[in-house]
Amino acid sequence: KAGVTQTPRYLIKTRGQQVTLSCSPISGHRSVSWYQQTPGQGLQFLFEYFSETQRNKGNFPGRFSGRQFSNSRSEMNVSTLELGDSALYLCASSLYRQGSTDTQYFGPGTRLTVL
Amino acid sequence: GENVEQHPSTLSVQEGDSAVIKCTYSDSASNYFPWYKQELGKGPQLIIDIRSNVGEKKDQRIAVTLNKTAKHFSLHITETQPEDSAVYFCAASRGSSASKIIFGSGTRLSIRP
């Protein structure tokens, strides 16, 4: 079974621009979550989607948004990029079974550099 | 808020020796504890996990122990090899939502030849 895939793998943008990152979950997984990883802050939860609905959102400004499509694929968007948005953005998928704690499987990430 | 403390932040061991990484969690409702390995340029990969109804789990050279009373869990790697060099993250989770997963800050493990 193919793992979580993310595109693109690398991005270089300038301040003020916007960016869209894409994630395809493991086949059969219905939940997709996004994380920001930086050396200083570690892994920080951005948001979680299930059945095309955002279930939870982390403590990030409204410039960070996302969506999930009917095939469970997800995108996240960052508008008005700032230098501090430079990070590795990780997508993870899970089965999502009500009442169960499911394993998160991570993709390879998208390395975003903001100049 | 809830947190997971992970120690040490860096660890260097001789090839063939054992490595131990320890985590402490604060949320007593946590019931699932995965460990991830992240190699350079890659995303975190699950290497082993344990649920709160089990005290120990082993998979070849890797084992995890859980002490629910003390809210401690540890990763043990025996007979370390160069390919074990990576950053390891512990996590504690409760419920079905990813927002309920708390990650440790990571341990950079280096294996000396």
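The values are calculated or read from the model by the stated rules, or taken from the named source; none is laboratory data. Just so it is clear, the model here is predicted, and its values are computed rather than measured. Every residue, glycine as well, gets a Cβ built from its backbone with ideal geometry; the counts of neighbours run over all protein chains shown.
For the stretch A:93-115, which positions are within 14 Å of chain B (Cβ to nearest Cβ), in contact (Cβ under 8 Å) with a residue 40 or more places away in the chain and in a loop (DSSP other than H, G, I, E, B)?
Correct list: A:Leu95, A:Tyr96, A:Asp102, A:Gln104, A:Gly107, A:Pro108, A:Gly109.
This table checks each residue for (1) without any contact (Cβ under 8 Å) to a residue 60 or more places away in the chain; (2) in a loop (DSSP other than H, G, I, E, B); (3) not basic (Lys, Arg).
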{"residue": "A:Ala2", "(1), (2), (3)": "yes, yes, yes"}
{"residue": "A:Arg15", "(1), (2), (3)": "no, yes, no"}
{"residue": "A:Cys23", "(1), (2), (3)": "no, no, yes"}
{"residue": "A:Ile26", "(1), (2), (3)": "no, yes, yes"}
{"residue": "A:Ser33", "(1), (2), (3)": "no, no, yes"}
{"residue": "A:Pro61", "(1), (2), (3)": "yes, yes, yes"}
{"residue": "A:Arg67", "(1), (2), (3)": "yes, no, no"}
{"residue": "A:Thr80", "(1), (2), (3)": "no, yes, yes"}
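Take the stretch A:58-92 and flag every residue that is modelled with pLDDT under 95 and within 10 Å of chain B (Cβ to nearest Cβ).
Matches in the stretch A:58-92: A:Gly58 only.
Answer yes or no as to whether B:Ala19 is away from every other protein chain (no Cβ under 14 Å), touching a residue at least 40 places away in the same chain (Cβ under 8 Å), surrounded by 12 or more Cβ atoms within 10 Å (Cβ to Cβ) and within 12 Å of the chain's Cα centre (by Cα).
Criteria met by B:Ala19.
Please state which one of A:Gln54, A:Gln37 is closer than 25 Å to B:Val87 by Cβ, within 14 Å of another protein chain (Cβ to nearest Cβ), of a type outside the set (Ser, Thr, Tyr) and assigned to a strand (DSSP E or B).
Just a single option satisfies the conditions, and that option is A:Gln37.
Among the listed residues B:Arg51, B:Arg61, which satisfies the condition of being basic (Lys, Arg), over 10 Å from the mean Cα position of the chain (by Cα) and at pLDDT 95 or above?
Selected residue: B:Arg61, the only one of B:Arg51, B:Arg61 that is basic (Lys, Arg), over 10 Å from the mean Cα position of the chain (by Cα) and at pLDDT 95 or above.
Select from the stretch B:31-57 the residues that are more than 24 Å from A:Thr5 (Cβ to Cβ) and in contact (Cβ under 8 Å) with a residue 40 or more places away in the chain and write down the one among them that is nearest to the other protein chains (Cβ to nearest Cβ).
B:Tyr32
Only strands (runs of 3 or more DSSP E) wholly contained in the stretch B:45-102 count here; list those with 1 or more residues that are among the polar types (S, T, N, Q).
Output list reads B:45-51, B:62-67, B:72-77, B:86-93.
In the stretch B:18-31, is there at least one residue being touching a Gly at 6+ places or on another chain (Cβ under 6 Å) and assigned to a strand (DSSP E or B)?
yes
Quick one: would you say A:Gln6 is within 14 Å of chain B (Cβ to nearest Cβ) and either in contact (Cβ under 8 Å) with a residue 40 or more places away in the chain or within 14 Å of A:Ala92 (Cα to Cα) (or both)?
Spelling it out, A:Gln6 is indeed within 14 Å of chain B (Cβ to nearest Cβ) and either in contact (Cβ under 8 Å) with a residue 40 or more places away in the chain or within 14 Å of A:Ala92 (Cα to Cα) (or both).
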